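Taking it in order: structure first as C-alpha cells, then the write-up.
The values are calculated or read from the model by the stated rules, or taken from the named source; none is laboratory data. It should be emphasised that the depicted structure is a prediction, and the values quoted were computed from it without experimental measurement. Because the Cβ atoms are built from the backbone with ideal geometry, glycine has one as well, and the counts that use them run over all protein chains shown.
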Amino acid sequence: MFRMTAAHDRLRFELAVHRRAGLRRMSPRVSPAPATTAAGARPLFAPAPAATATAPERQAQLDRVAQEVASCTACKLCEQRNRAVPGEGALDPPILFIGEGPGADEDASGRPFVGRAGQLLDKMIAAIQLERRQVYIANIVKCRPPENRQPEPDEVRACAGYLERQIAALRPRLICTLGLPATRALLPDVRAISAVRGREFTYGGVPLVPTFHPAYLLRNPAAKPQAWEDLQLVARKLGIVLARRNPPPASN
Ligand code: URA
Ligand code: SF4
C-alpha cells in the first residue's frame, strides 16, 4: 500500500541518518514524519524534487519567487502590506529556517527576521557556529498579518506554493521550523510545538527539526535551554562540532 511504503521508506531514511550519526538504534523520541500517520492529513506542500538545478538556475528560481511575491494578491494579506518579505540567504544553505510571517520591521524593510525576534534568531544561528548569510530564512506567509496575528489557514494555503518553490530551489540539508504555525504548515498533524520540538522529522526527504519561535523565547526565556538542546541536535545532524557546551541562546 502506498502510505505504508512511504512510511517505511521514511523510517529507513531516518534509520540511515541515525546510523551515519553513529547511533545504534533510534531513540524512542524520534518518530516518522506525522504526514504518514493514520490520521492521514496531507502535507501542505508536495515533496521537493531532487536537486538538479545549477546555482544560477536556483538563483533565478528564487528571484522569480521574490518578483511574484512582490505583486501577489492571492490572499487578503496583500491589502495592508508595505513590502512583501520573500526571504533571503545562501543559495546552498545547510539550514532553511522557516518562521511564521513578517512583523512590522520586516514589513517596513522587506527582509525577514530583522526585528527583536530576528536579533535572537541571529544569536541562535551564531550558537551553532554559523552566520546569518550562510543560512536561508523564510516565512510561511510573505506578507504581514495585521496586528501580528497568526496567519489564517486560507492565507497559509494561498502562500504555500512560494515556500514550496523555495524549498525545491534551495534543497537545504536541514529545515528548522520556528514555532507551531511554521511546523504545522509542513507537518499538518502536529498539535503542539512542545510535543515535537527537538525531534527529527523529514519533509520531502529533507530532515526537519522544529524548535520554538524566537518571539516565544523572548516572552518565555525559561524555554531557552530547550531551544539550545534543539540547536545542538541541529548542529549534530549537520556535523558541526560545537566548541562550547552550554550556552543557551544568549540573553535575548
Ligand atoms: N517573525 C517571523 O515569524 N518572521 C519574521 O520574519 C519576523 C518575525
Ligand atoms: Fe500572496 Fe502570500 Fe502575500 Fe498572501 S501572503 S498576498 S499569498 S505573497
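Considering only residues in segment 120-131 that are assigned to a loop (DSSP other than H, G, I, E, B) and exposed (fewer than 15 other Cβ atoms within 10 Å of the Cβ), the one that is nearest to ligand 2 (Cβ to nearest atom) turns out to be Glu131.
Checking the conditions here, which among Arg184, Arg157, Arg219 is more than 14 Å from the chain's Cα centre (by Cα), modelled with pLDDT of 95 or more, under 22 Å from Pro112 (Cα atoms) and within 16 Å of ligand 1 (Cβ to nearest atom)?
On inspection, the qualifying residue turns out to be Arg219.
When the residues of segment 102-119 are narrowed to those that are within 10 Å of ligand 1 (Cβ to nearest atom), in a helix (DSSP H, G or I) and hydrophobic (A, V, I, L, M, F, W, C), which ends up surrounded by the most Cβ atoms within 10 Å (Cβ to Cβ)? Of everything passing the filter in segment 102-119, Ala117 is surrounded by the most Cβ atoms within 10 Å (Cβ to Cβ). A residue that is of a type outside the set (Phe, Trp, Tyr), touching a strand residue (DSSP E or B) at 6+ places or on another chain (Cβ under 7 Å) and touching a residue at least 60 places away in the same chain (Cβ under 8 Å) occurs somewhere in segment 146-164.
Conditions tested, residue by residue: (1) in contact with a His (Cβ under 8 Å, 6 or more places away or on another chain); (2) charged (D, E, K, R); (3) assigned to a strand (DSSP E or B).
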position: Cys176; (1), (2), (3): no, no, yes
position: Ala182; (1), (2), (3): yes, no, no
position: Thr202; (1), (2), (3): no, no, yes
position: Val209; (1), (2), (3): no, no, yes
position: Leu217; (1), (2), (3): no, no, no
position: Ala222; (1), (2), (3): no, no, no
position: Ala227; (1), (2), (3): no, no, no
position: Asp230; (1), (2), (3): no, yes, no
position: Gly239; (1), (2), (3): no, no, no
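Listed by first and then second residue, the pairs linking a residue in segment 105-121 that is within 26 Å of Ala223 (Cα to Cα) and without any contact (Cβ under 8 Å) to a residue 12 or more places away in the chain to a residue that is among the acidic types (Asp, Glu) and within 16 Å of ligand 2 (Cβ to nearest atom), with Cβ atoms under 9 Å apart and 6 or more places separating them unless they lie on different chains, are Val114/Glu106. Selection of first residues in segment 71-95 that are outside any loop (DSSP other than H, G, I, E, B) and of second residues that are away from ligand 1 (no atom under 16 Å from the Cβ) and among the aromatic types (Phe, Trp, Tyr), restricted to Cβ pairs under 7 Å at least 6 apart or on distinct chains, gives an empty result. Residues that are away from ligand 1 (no atom under 16 Å from the Cβ), over 21 Å from the mean Cα position of the chain (by Cα) and surrounded by 17 or more Cβ atoms within 10 Å (Cβ to Cβ) within segment 75-93 comprise just one, Cys75. Note on segment 49-69: residues that are of a type in the set (A, V, I, L, M), modelled with pLDDT of 95 or more and more than 16 Å from ligand 1 (Cβ to nearest atom) amount to 2.
When you check Asn148 against the structure, is it within 14 Å of ligand 1 (Cβ to nearest atom), of a type in the set (S, T, N, Q) and over 14 Å from the mean Cα position of the chain (by Cα), yes or no?
On the way: within 14 Å of ligand 1 (Cβ to nearest atom): yes; of a type in the set (S, T, N, Q): yes; over 14 Å from the mean Cα position of the chain (by Cα): yes.
Answer is yes for this residue.
Would you call Asp154 assigned to a helix (DSSP H, G or I) and in contact with a Lys or Arg (Cβ under 7 Å, 6 or more places away or on another chain)? It is false that Asp154 is assigned to a helix (DSSP H, G or I) and in contact with a Lys or Arg (Cβ under 7 Å, 6 or more places away or on another chain). Checking the stated criteria, Thr211 turns out to be in contact with a Gly (Cβ under 9 Å, 6 or more places away or on another chain), among the β-branched types (Val, Ile, Thr), on the phi < 0 side of the Ramachandran plot and within 16 Å of ligand 1 (Cβ to nearest atom). Any chance segment 134-143 includes a residue that's more than 12 Å from ligand 1 (Cβ to nearest atom), part of a helix (DSSP H, G or I) and crowded, with 23+ Cβ neighbours inside 10 Å? No, segment 134-143 contains no residue that is more than 12 Å from ligand 1 (Cβ to nearest atom), part of a helix (DSSP H, G or I) and crowded, with 23+ Cβ neighbours inside 10 Å.
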